[in-house]
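The values are calculated or read from the model by the stated rules, or taken from the named source; none is laboratory data. Computed from a prediction, not measured in an experiment: that's the story for all the values here. For neighbour counting, all protein chains shown are included, and Cβ atoms are generated from backbone atoms with ideal geometry for every residue, glycine included. These area figures cover heavy atoms from the full protein model, side chains too; ligands, DNA and RNA do not enter into them. Shrake-Rupley method; radii C 1.70, N 1.55, O 1.52, S 1.80 Å.
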Amino acid sequence: MASKSPQERLQAELNELKKVQRDLQNATESRQTLDAQLNENKLVKEELDLVKDNTKVYKLIGPALVQQPLVEARQNVSKRIEYISAELKRKEEQVKDLQKKQDGCQESMAKLKQEFDQLPPQPAANA
């Protein structure tokens, strides 16, 4: 089987780079969403830590506010913070990996472009 021409390899690498960039953008957006959720939950935890033990706490479930024990509310928020923190760490690793992959694609494309530029010009096809 004949190897691909430099132009075909360059196009394939360009397609791979576009895919990696799309994945990187999605992962970055997801990380930003998780970061916002973490900050929001930290604020809720701070507020719950300020209230007295006999304070009534309500949780929004659908359109209704339902009373919830303060201890349970604090536990739920702490568990959410732990979960979101773990997801955030995982997303950050994914972003780092995708950035490395993007850098590799860009280096590969630069080498292929040099290879492509060194080829003799192709004669134009007669119409």
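Observations on the model:
- Choice from GLN99, GLN67, GLN37 with maximal GNM fluctuation in the chain (Cα, 10 Å cutoff): GLN67
- Proportion of all alpha-carbon pairs of the chain beyond 27 Å (%): 51 percent
- If you plug the beta carbon distance of PHE116 and ASP23 into 1/(1 + (r/R0)^6) with R0 = 35 Å, you get a FRET efficiency near 0.85.
- What a 1.4 Å probe finds exposed on the chain is 52% carbon and sulfur by accessible area, rounded to a whole percent.
- Aspartates and glutamates whose Cα lies under 16 Å from that of LYS89, excluding same-chain neighbours fewer than 8 positions away: GLU29, ASP35, ASP97
- Cross-link table LYS19/LYS91; LYS79/LYS101; LYS18/LYS111; LYS18/LYS79; LYS45/LYS91; LYS18/LYS45, entries beyond 29 Å C-alpha to C-alpha: LYS79/LYS101; LYS18/LYS79; LYS18/LYS45
- Restricting the calculation to Cα atoms, the stretch 39-112 yields a radius of gyration followed by a Dmax of 20.9, 69 Å.
- Computed extension length for ASN39-LYS56: 3.8 nm, one decimal, from 0.36 nm per residue of separation with the Cα-Cα distance subtracted.
- Solvent-accessible area per residue for the stretch 1-125 (1.4 angstrom probe, square angstrom): 78 Å²
- Relative contact order, percent, the stretch 35-127 [alpha-carbon distance under 8 Å, six or more residues apart]: 24 percent
- Theoretical gain in end-to-end length, SER108 to GLU92 [0.36 nm per residue, Cα-Cα removed]: 3.3 nm
- Subtracting the Cα-Cα distance of ASP49 and LYS100 from 0.36 nm times their residue separation leaves 14.2 nm of extension gain.
- Charge-dipole axis of the chain as Lys and Arg at +1 and Asp and Glu at -1 on Cβ define it, positive-most pick from LEU50, VAL20, PRO6: LEU50
- Working from label points 7 Å from Cα in the Cα-to-Cβ sense, the GLN11 to ILE81 distance is 5.4 nm.
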